[in-house]
Amino acid sequence: MPKPSKLSMAAVLVLAAGFFALFVNGSGRLAVGLTLRPMVEDLKWNRADIGSAVAVFQVVSAIAMFFAGKLADRMSLRFLIASGVVVCAFGIGMMGFVTEPWHVLLLFGLIYGVGNAGCSTTTVGVMVARTFPGKTGFANGFVTSGMSLGQLLIVAVLAAVLVQIGWRSVYFWVAAAHLALLPLIYFAVPAHAANGSLMAQVPREGMSLREAMRTRRFWVLIGVFAVCGLDDFFVTTHLVAYAEDSGVSQLFAGNLLAVMGLAALIGVLLAGAFGDKTGPVMPTIASFVLRIACFGLVLIDQSTASIAIFTLAFGLTFLVTAPLTILFVRDAFGMKHLGAISGLITMVHHAFGGIGAYLGAVIFDKNGSYAIAFAIMLASSVLAVALMLLYQPRPTQSAVAA
(Lines give C-alpha, C1' and ligand atoms only; values in the text may rest on other atoms or scores of the structure.)
Protein backbone atom coordinates (compact mmCIF):
# COMPACT_ATOMS: atom_id res chain seq x y z
CA MET A 1 0.00 0.00 0.00
CA PRO A 2 1.49 3.41 -0.90
CA LYS A 3 2.31 5.73 1.94
CA PRO A 4 0.31 8.95 2.16
CA SER A 5 2.25 12.13 1.54
CA LYS A 6 1.02 13.69 4.72
CA LEU A 7 -0.77 12.73 7.89
CA SER A 8 -4.55 12.72 7.75
CA MET A 9 -6.47 14.53 10.47
CA ALA A 10 -7.69 11.16 11.76
CA ALA A 11 -4.09 9.97 12.15
CA VAL A 12 -3.10 13.17 13.94
CA LEU A 13 -6.01 12.70 16.35
CA VAL A 14 -4.91 9.12 17.05
CA LEU A 15 -1.43 10.39 17.90
CA ALA A 16 -2.89 13.09 20.15
CA ALA A 17 -5.14 10.63 21.98
CA GLY A 18 -2.29 8.18 22.52
CA PHE A 19 0.09 10.91 23.64
CA PHE A 20 -2.23 12.44 26.23
CA ALA A 21 -3.50 9.08 27.50
CA LEU A 22 0.08 8.09 28.33
CA PHE A 23 0.86 11.64 29.52
CA VAL A 24 -1.64 11.18 32.35
CA ASN A 25 -1.19 7.43 32.82
CA GLY A 26 2.54 7.74 33.49
CA SER A 27 2.14 10.43 36.13
CA GLY A 28 -0.47 8.44 38.03
CA ARG A 29 1.82 5.46 38.47
CA LEU A 30 4.57 7.69 39.82
CA ALA A 31 2.35 9.36 42.43
CA VAL A 32 3.00 6.57 44.93
CA GLY A 33 6.76 6.94 44.60
CA LEU A 34 6.43 10.68 45.08
CA THR A 35 4.33 10.32 48.24
CA LEU A 36 5.99 7.24 49.73
CA ARG A 37 7.95 8.88 52.53
CA PRO A 38 5.31 11.41 53.70
CA MET A 39 2.64 8.69 53.63
CA VAL A 40 4.55 6.27 55.83
CA GLU A 41 5.56 9.05 58.23
CA ASP A 42 2.02 10.43 58.49
CA LEU A 43 0.28 7.06 58.84
CA LYS A 44 3.06 5.38 60.89
CA TRP A 45 3.47 2.56 58.37
CA ASN A 46 6.52 0.66 57.10
CA ARG A 47 7.77 1.23 53.57
CA ALA A 48 6.95 -2.41 52.87
CA ASP A 49 3.25 -1.56 53.36
CA ILE A 50 3.44 0.72 50.33
CA GLY A 51 5.87 -1.55 48.52
CA SER A 52 3.47 -4.48 48.82
CA ALA A 53 0.66 -2.38 47.30
CA VAL A 54 2.93 -1.44 44.41
CA ALA A 55 3.76 -5.12 43.98
CA VAL A 56 0.05 -5.99 43.88
CA PHE A 57 -0.51 -3.18 41.37
CA GLN A 58 2.23 -4.56 39.16
CA VAL A 59 0.88 -8.11 39.25
CA VAL A 60 -2.76 -7.09 38.76
CA SER A 61 -1.90 -4.59 36.04
CA ALA A 62 0.36 -7.13 34.38
CA ILE A 63 -2.35 -9.79 34.21
CA ALA A 64 -4.91 -7.21 33.12
CA MET A 65 -2.59 -5.99 30.35
CA PHE A 66 -2.53 -9.44 28.80
CA PHE A 67 -6.33 -9.50 28.66
CA ALA A 68 -6.44 -5.86 27.53
CA GLY A 69 -4.10 -6.81 24.69
CA LYS A 70 -6.36 -9.68 23.66
CA LEU A 71 -9.39 -7.38 23.78
CA ALA A 72 -7.52 -4.79 21.70
CA ASP A 73 -7.30 -7.37 18.91
CA ARG A 74 -11.08 -7.80 18.94
CA MET A 75 -13.06 -4.83 20.26
CA SER A 76 -13.47 -1.05 20.22
CA LEU A 77 -10.29 0.66 21.37
CA ARG A 78 -12.31 3.77 22.22
CA PHE A 79 -14.40 1.85 24.76
CA LEU A 80 -11.40 -0.04 26.11
CA ILE A 81 -9.20 3.02 26.67
CA ALA A 82 -12.04 5.18 28.06
CA SER A 83 -13.06 2.45 30.50
CA GLY A 84 -9.49 2.19 31.73
CA VAL A 85 -9.34 5.95 32.31
CA VAL A 86 -12.56 5.97 34.38
CA VAL A 87 -11.44 3.06 36.57
CA CYS A 88 -8.03 4.71 37.06
CA ALA A 89 -9.67 7.98 38.13
CA PHE A 90 -11.75 6.22 40.77
CA GLY A 91 -8.91 4.13 42.19
CA ILE A 92 -6.29 6.88 42.33
CA GLY A 93 -8.76 9.53 43.56
CA MET A 94 -9.87 7.41 46.50
CA MET A 95 -6.23 7.04 47.54
CA GLY A 96 -6.60 10.49 49.08
CA PHE A 97 -8.82 8.97 51.79
CA VAL A 98 -6.74 5.94 52.85
CA THR A 99 -6.15 5.23 56.53
CA GLU A 100 -5.12 1.55 56.51
CA PRO A 101 -2.61 -0.42 54.42
CA TRP A 102 -5.34 -2.62 52.97
CA HIS A 103 -6.99 0.48 51.50
CA VAL A 104 -3.88 1.03 49.37
CA LEU A 105 -3.83 -2.63 48.35
CA LEU A 106 -7.45 -2.39 47.18
CA LEU A 107 -7.48 1.07 45.59
CA PHE A 108 -4.02 1.28 44.05
CA GLY A 109 -3.07 -2.38 43.85
CA LEU A 110 -6.34 -3.82 42.52
CA ILE A 111 -8.63 -1.10 41.11
CA TYR A 112 -6.00 1.22 39.68
CA GLY A 113 -4.08 -1.80 38.43
CA VAL A 114 -7.03 -2.99 36.35
CA GLY A 115 -7.78 0.47 35.00
CA ASN A 116 -4.14 1.12 34.13
CA ALA A 117 -4.12 -1.83 31.74
CA GLY A 118 -6.93 -0.37 29.67
CA CYS A 119 -5.13 2.91 28.93
CA SER A 120 -1.53 1.67 28.89
CA THR A 121 1.21 1.28 26.30
CA THR A 122 -0.33 -2.08 25.33
CA THR A 123 -3.65 -0.75 24.05
CA VAL A 124 -2.25 2.57 22.85
CA GLY A 125 0.61 0.75 21.11
CA VAL A 126 -1.79 -1.49 19.19
CA MET A 127 -3.82 1.56 18.12
CA VAL A 128 -0.72 3.38 16.88
CA ALA A 129 0.83 0.34 15.16
CA ARG A 130 -2.31 -0.16 13.09
CA THR A 131 -2.43 3.51 12.15
CA PHE A 132 1.29 3.90 11.29
CA PRO A 133 2.52 0.57 9.86
CA GLY A 134 5.54 2.13 8.15
CA LYS A 135 6.71 4.28 11.08
CA THR A 136 5.62 2.16 14.01
CA GLY A 137 8.74 2.79 16.09
CA PHE A 138 8.75 6.55 15.73
CA ALA A 139 4.96 6.89 16.18
CA ASN A 140 5.03 4.74 19.31
CA GLY A 141 8.07 6.65 20.51
CA PHE A 142 6.11 9.88 20.08
CA VAL A 143 3.05 8.73 22.05
CA THR A 144 5.26 7.12 24.70
CA SER A 145 7.03 10.45 25.08
CA GLY A 146 3.73 11.55 26.62
CA MET A 147 4.70 9.47 29.65
CA SER A 148 7.99 11.36 29.81
CA LEU A 149 6.38 14.78 29.57
CA GLY A 150 3.74 13.74 32.08
CA GLN A 151 6.52 12.74 34.42
CA LEU A 152 8.30 16.03 33.78
CA LEU A 153 5.36 18.46 33.98
CA ILE A 154 2.66 16.83 36.10
CA VAL A 155 5.07 15.33 38.64
CA ALA A 156 6.81 18.71 39.01
CA VAL A 157 3.44 20.28 39.80
CA LEU A 158 2.55 17.46 42.18
CA ALA A 159 5.88 17.83 43.98
CA ALA A 160 4.98 21.46 44.71
CA VAL A 161 1.49 20.45 45.83
CA LEU A 162 2.98 17.81 48.11
CA VAL A 163 5.13 20.36 49.93
CA GLN A 164 2.43 23.03 50.22
CA ILE A 165 -0.80 21.09 50.73
CA GLY A 166 0.03 17.48 51.58
CA TRP A 167 0.21 14.05 50.01
CA ARG A 168 -3.55 13.40 49.91
CA SER A 169 -4.09 16.27 47.47
CA VAL A 170 -1.69 14.65 45.01
CA TYR A 171 -4.15 11.82 44.40
CA PHE A 172 -7.12 14.16 43.89
CA TRP A 173 -5.20 16.09 41.23
CA VAL A 174 -4.20 12.91 39.40
CA ALA A 175 -7.81 11.66 39.38
CA ALA A 176 -9.01 14.95 37.87
CA ALA A 177 -6.35 14.71 35.15
CA HIS A 178 -7.62 11.25 34.19
CA LEU A 179 -11.23 12.43 33.88
CA ALA A 180 -10.14 15.35 31.69
CA LEU A 181 -9.01 12.81 29.06
CA LEU A 182 -12.49 11.49 28.29
CA PRO A 183 -13.63 14.08 25.69
CA LEU A 184 -10.41 13.65 23.68
CA ILE A 185 -10.69 9.86 23.74
CA TYR A 186 -14.30 10.00 22.57
CA PHE A 187 -13.59 12.25 19.59
CA ALA A 188 -10.11 11.02 18.62
CA VAL A 189 -10.07 7.24 19.05
CA PRO A 190 -11.93 5.29 16.32
CA ALA A 191 -14.79 3.23 17.74
CA HIS A 192 -14.11 0.25 15.49
CA ALA A 193 -11.52 -0.77 12.91
CA ALA A 194 -14.20 -1.37 10.31
CA ASN A 195 -13.42 -2.28 6.70
CA GLY A 196 -11.79 0.68 4.98
CA SER A 197 -11.18 2.57 8.21
CA LEU A 198 -7.87 4.06 9.29
CA MET A 199 -6.84 1.04 11.35
CA ALA A 200 -8.15 -1.65 8.98
CA GLN A 201 -5.52 -0.98 6.28
CA VAL A 202 -2.72 -3.02 7.89
CA PRO A 203 -2.11 -6.68 6.93
CA ARG A 204 -3.14 -8.91 9.84
CA GLU A 205 -1.04 -12.05 9.28
CA GLY A 206 1.17 -13.57 11.94
CA MET A 207 1.73 -16.22 14.59
CA SER A 208 -0.72 -17.06 17.31
CA LEU A 209 0.39 -16.67 20.92
CA ARG A 210 0.84 -20.42 21.22
CA GLU A 211 3.02 -20.51 18.10
CA ALA A 212 5.09 -17.59 19.35
CA MET A 213 5.70 -19.35 22.66
CA ARG A 214 7.36 -22.22 20.80
CA THR A 215 10.17 -19.97 19.59
CA ARG A 216 13.39 -19.08 21.40
CA ARG A 217 12.91 -15.43 20.41
CA PHE A 218 9.81 -15.24 22.57
CA TRP A 219 11.53 -16.49 25.71
CA VAL A 220 14.56 -14.26 25.21
CA LEU A 221 12.19 -11.29 25.03
CA ILE A 222 10.39 -12.48 28.16
CA GLY A 223 13.70 -12.55 30.05
CA VAL A 224 14.81 -9.13 28.84
CA PHE A 225 11.49 -7.47 29.63
CA ALA A 226 11.40 -9.11 33.07
CA VAL A 227 14.73 -7.45 33.89
CA CYS A 228 13.52 -4.15 32.46
CA GLY A 229 10.47 -4.15 34.71
CA LEU A 230 12.51 -5.16 37.76
CA ASP A 231 14.82 -2.17 37.25
CA ASP A 232 12.15 0.35 36.22
CA PHE A 233 9.79 0.02 39.13
CA PHE A 234 12.47 -0.36 41.76
CA VAL A 235 13.85 3.01 40.67
CA THR A 236 10.54 4.85 40.22
CA THR A 237 9.20 3.60 43.56
CA HIS A 238 12.31 4.25 45.65
CA LEU A 239 14.32 7.00 43.93
CA VAL A 240 12.70 9.89 45.84
CA ALA A 241 13.00 8.16 49.21
CA TYR A 242 16.58 7.09 48.43
CA ALA A 243 17.54 10.66 47.58
CA GLU A 244 15.92 12.02 50.76
CA ASP A 245 17.71 9.37 52.82
CA SER A 246 20.95 10.58 51.24
CA GLY A 247 20.35 14.14 52.47
CA VAL A 248 18.62 15.68 49.45
CA SER A 249 15.76 18.12 50.18
CA GLN A 250 12.17 16.90 49.74
CA LEU A 251 11.38 19.33 46.92
CA PHE A 252 14.60 18.55 45.02
CA ALA A 253 14.09 14.82 45.53
CA GLY A 254 10.51 15.03 44.27
CA ASN A 255 11.68 16.83 41.16
CA LEU A 256 14.15 14.04 40.39
CA LEU A 257 11.24 12.11 38.87
CA ALA A 258 10.47 15.10 36.68
CA VAL A 259 14.10 15.32 35.56
CA MET A 260 14.05 11.61 34.81
CA GLY A 261 10.96 12.23 32.70
CA LEU A 262 12.79 14.85 30.63
CA ALA A 263 15.65 12.45 29.98
CA ALA A 264 13.15 9.70 29.15
CA LEU A 265 11.57 11.96 26.54
CA ILE A 266 14.87 12.14 24.68
CA GLY A 267 15.56 8.43 25.12
CA VAL A 268 12.19 7.20 23.90
CA LEU A 269 12.18 9.38 20.78
CA LEU A 270 15.69 8.24 19.87
CA ALA A 271 14.79 4.60 20.53
CA GLY A 272 11.69 4.78 18.33
CA ALA A 273 13.52 6.47 15.45
CA PHE A 274 16.54 4.15 15.58
CA GLY A 275 14.26 1.16 16.03
CA ASP A 276 12.61 1.91 12.67
CA LYS A 277 16.03 2.14 10.99
CA THR A 278 18.11 -0.56 12.69
CA GLY A 279 15.56 -2.77 14.39
CA PRO A 280 14.89 -2.92 18.14
CA VAL A 281 17.91 -4.99 19.23
CA MET A 282 20.69 -2.37 19.27
CA PRO A 283 18.69 0.33 21.12
CA THR A 284 17.79 -2.27 23.75
CA ILE A 285 21.41 -3.36 24.26
CA ALA A 286 22.57 0.26 24.50
CA SER A 287 19.89 0.93 27.12
CA PHE A 288 21.02 -1.86 29.42
CA VAL A 289 24.71 -1.03 29.04
CA LEU A 290 23.90 2.48 30.26
CA ARG A 291 21.94 1.01 33.18
CA ILE A 292 24.95 -1.05 34.22
CA ALA A 293 26.98 2.16 34.42
CA CYS A 294 24.18 3.93 36.36
CA PHE A 295 23.80 1.29 39.04
CA GLY A 296 27.57 0.98 39.37
CA LEU A 297 27.85 4.74 39.95
CA VAL A 298 25.45 4.91 42.91
CA LEU A 299 27.00 1.82 44.47
CA ILE A 300 30.35 3.64 44.48
CA ASP A 301 29.21 7.18 45.34
CA GLN A 302 25.98 8.40 46.98
CA SER A 303 26.62 12.14 46.68
CA THR A 304 23.98 14.56 45.42
CA ALA A 305 25.90 14.92 42.14
CA SER A 306 25.96 11.16 41.62
CA ILE A 307 22.24 10.88 42.33
CA ALA A 308 21.55 13.63 39.78
CA ILE A 309 23.74 11.93 37.16
CA PHE A 310 22.07 8.60 37.90
CA THR A 311 18.64 10.18 37.44
CA LEU A 312 19.52 11.69 34.06
CA ALA A 313 21.29 8.60 32.74
CA PHE A 314 18.68 6.12 33.95
CA GLY A 315 15.97 8.40 32.60
CA LEU A 316 17.43 8.05 29.10
CA THR A 317 16.74 4.30 29.37
CA PHE A 318 13.51 4.42 31.35
CA LEU A 319 10.89 4.12 28.58
CA VAL A 320 13.08 2.81 25.77
CA THR A 321 11.46 -0.63 25.62
CA ALA A 322 7.91 0.77 25.43
CA PRO A 323 7.98 1.65 21.70
CA LEU A 324 10.37 -1.23 21.00
CA THR A 325 7.92 -3.82 22.37
CA ILE A 326 5.61 -3.34 19.40
CA LEU A 327 8.58 -3.50 16.99
CA PHE A 328 9.88 -6.72 18.54
CA VAL A 329 6.46 -8.38 18.36
CA ARG A 330 5.61 -7.10 14.87
CA ASP A 331 8.94 -8.15 13.38
CA ALA A 332 9.17 -11.50 15.16
CA PHE A 333 5.55 -12.67 15.21
CA GLY A 334 3.45 -10.49 12.87
CA MET A 335 0.40 -8.26 13.34
CA LYS A 336 -2.48 -10.71 13.70
CA HIS A 337 -2.11 -11.21 17.45
CA LEU A 338 -0.08 -8.07 18.16
CA GLY A 339 -2.18 -7.11 21.19
CA ALA A 340 -2.15 -10.53 22.85
CA ILE A 341 1.59 -11.16 22.42
CA SER A 342 2.69 -7.64 23.33
CA GLY A 343 0.24 -7.73 26.24
CA LEU A 344 1.81 -10.91 27.59
CA ILE A 345 5.33 -9.48 27.29
CA THR A 346 4.19 -6.30 29.04
CA MET A 347 2.50 -8.45 31.68
CA VAL A 348 5.84 -10.05 32.51
CA HIS A 349 7.51 -6.61 32.54
CA HIS A 350 5.01 -5.30 35.09
CA ALA A 351 4.92 -8.47 37.19
CA PHE A 352 8.68 -8.26 37.68
CA GLY A 353 8.25 -4.54 38.27
CA GLY A 354 6.18 -5.46 41.29
CA ILE A 355 8.97 -7.71 42.49
CA GLY A 356 11.45 -4.86 42.08
CA ALA A 357 9.31 -2.38 44.00
CA TYR A 358 8.62 -4.81 46.85
CA LEU A 359 12.18 -6.15 46.97
CA GLY A 360 13.55 -2.63 47.38
CA ALA A 361 11.19 -1.95 50.29
CA VAL A 362 11.99 -5.22 52.06
CA ILE A 363 15.75 -4.76 51.63
CA PHE A 364 15.56 -1.22 53.02
CA ASP A 365 13.38 -2.19 55.99
CA LYS A 366 15.80 -4.99 56.88
CA ASN A 367 19.11 -3.22 56.25
CA GLY A 368 18.33 0.50 56.38
CA SER A 369 19.99 0.85 52.98
CA TYR A 370 19.28 0.24 49.29
CA ALA A 371 22.84 -0.91 48.48
CA ILE A 372 21.96 -4.60 48.07
CA ALA A 373 18.99 -3.70 45.89
CA PHE A 374 21.16 -1.58 43.58
CA ALA A 375 23.64 -4.45 43.29
CA ILE A 376 20.82 -6.80 42.28
CA MET A 377 19.65 -4.33 39.62
CA LEU A 378 23.18 -4.07 38.23
CA ALA A 379 23.49 -7.86 37.97
CA SER A 380 20.08 -8.12 36.30
CA SER A 381 21.09 -5.56 33.66
CA VAL A 382 24.20 -7.60 32.85
CA LEU A 383 21.89 -10.59 32.36
CA ALA A 384 19.66 -8.59 30.01
CA VAL A 385 22.62 -7.65 27.79
CA ALA A 386 23.68 -11.30 27.63
CA LEU A 387 20.15 -12.39 26.67
CA MET A 388 19.86 -9.71 24.00
CA LEU A 389 23.12 -10.87 22.43
CA LEU A 390 21.49 -14.31 22.05
CA TYR A 391 18.43 -12.85 20.29
CA GLN A 392 18.07 -13.91 16.65
CA PRO A 393 15.59 -11.87 14.56
CA ARG A 394 13.19 -13.72 12.29
CA PRO A 395 14.95 -14.38 8.94
CA THR A 396 12.11 -12.99 6.82
CA GLN A 397 10.27 -9.81 7.80
CA SER A 398 6.82 -10.33 6.31
CA ALA A 399 4.65 -8.79 8.96
CA VAL A 400 4.59 -5.24 7.64
CA ALA A 401 5.75 -3.62 4.44
CA ALA A 402 7.84 -0.60 5.34
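The values are calculated or read from the model by the stated rules, or taken from the named source; none is laboratory data. Owing to the predicted nature of the structure, the values given are computational and were not obtained by experimental measurement. Ideal geometry is used to build each Cβ from the backbone, glycine not excepted, and the neighbour counts take in all protein chains shown.
Residue count for the stretch 282-303 under the criterion of being of a type in the set (D, E, K, R) and buried (at least 24 other Cβ atoms within 10 Å of the Cβ): the result is 1. Scanning the stretch 290-341 for residues that are in a helix (DSSP H, G or I), within 30 Å of Glu211 (Cα to Cα) and touching a Lys or Arg at 6+ places or on another chain (Cβ under 7 Å) yields Asp331, Ala332, Leu338, Gly339, Ala340.
Counting just the residues of the stretch 304-326 that are of a type in the set (Gly, Ala, Ser) and within 14 Å of Leu256 (Cα to Cα), which one comes out surrounded by the most Cβ atoms within 10 Å (Cβ to Cβ)? Across the stretch 304-326, the extreme among qualifying residues is Gly315. All of (1) surrounded by fewer than 24 Cβ atoms within 10 Å (Cβ to Cβ); (2) over 30 Å from Arg74 (Cβ atoms) hold for Ala384 with one exception: (1).
Tallying residues that are within 24 Å of Leu152 (Cα to Cα) and without any contact (Cβ under 8 Å) to a residue 60 or more places away in the chain within the stretch 290-301 yields 4. Looking for something surrounded by fewer than 24 Cβ atoms within 10 Å (Cβ to Cβ) and aromatic (Phe, Trp, Tyr) - is there at least one such residue anywhere in the stretch 251-260? Checking the stretch 251-260: at least one residue is surrounded by fewer than 24 Cβ atoms within 10 Å (Cβ to Cβ) and aromatic (Phe, Trp, Tyr).
Of the residues making up the stretch 228-249, just one is in contact with a Gly (Cβ under 7 Å, 6 or more places away or on another chain), under 11 Å from Arg37 (Cβ atoms) and not aliphatic (A, V, I, L, M), namely His238. Restricting the first member to the stretch 172-196 and to residues that are surrounded by fewer than 17 Cβ atoms within 10 Å (Cβ to Cβ), and the second to residues that are at pLDDT below 90 and outside any helix (DSSP H, G or I), the beta-carbon pairs closer than 8 Å and six or more apart or on different chains are Ala191/Ser76; His192/Ser76.
Scanning the stretch 338-373 for residues that are of a type in the set (S, T, N, Q) and closer than 21 Å to Val59 by Cα yields Ser342, Thr346. Please determine whether any residue of the stretch 388-402 is part of a helix (DSSP H, G or I), β-branched (Val, Ile, Thr) and either closer than 22 Å to Ser287 by Cβ or at pLDDT below 95 (or both). No, the stretch 388-402 contains no residue that is part of a helix (DSSP H, G or I), β-branched (Val, Ile, Thr) and either closer than 22 Å to Ser287 by Cβ or at pLDDT below 95 (or both).
Applying the selection to the stretch 264-281, what residues are closer than 10 Å to Leu324 by Cβ and surrounded by fewer than 24 Cβ atoms within 10 Å (Cβ to Cβ)?
Within the stretch 264-281, the first condition is being closer than 10 Å to Leu324 by Cβ, and the residues that meet it are 268, 271-272, 274-275, 279-281.
Scanning the stretch 264-281 gives Phe274, Gly279, Val281.
Taken over the stretch 99-128, the criterion of being under 21 Å from Ile185 (Cα atoms) and not in a helix (DSSP H, G or I) is satisfied by Cys119, Ser120. Note on the stretch 32-52: residues that are in a helix (DSSP H, G or I) and under 18 Å from Ala243 (Cα atoms) total 14.
Exactly one residue out of Arg78, Arg29 is of a type in the set (D, E, K, R), buried (at least 22 other Cβ atoms within 10 Å of the Cβ) and assigned to a helix (DSSP H, G or I), and it is Arg29. In the stretch 111-120, the condition of being over 30 Å from Asp331 (Cα atoms) and surrounded by 19 or more Cβ atoms within 10 Å (Cβ to Cβ) is met by at least one residue. Listed here are the helices (runs of 4 or more DSSP H) enclosed by the stretch 205-289 that have at least 3 residues being of a type in the set (Asp, Glu) and either touching a residue at least 40 places away in the same chain (Cβ under 8 Å) or over 21 Å from Asp331 (Cα atoms) (or both): 216-245.
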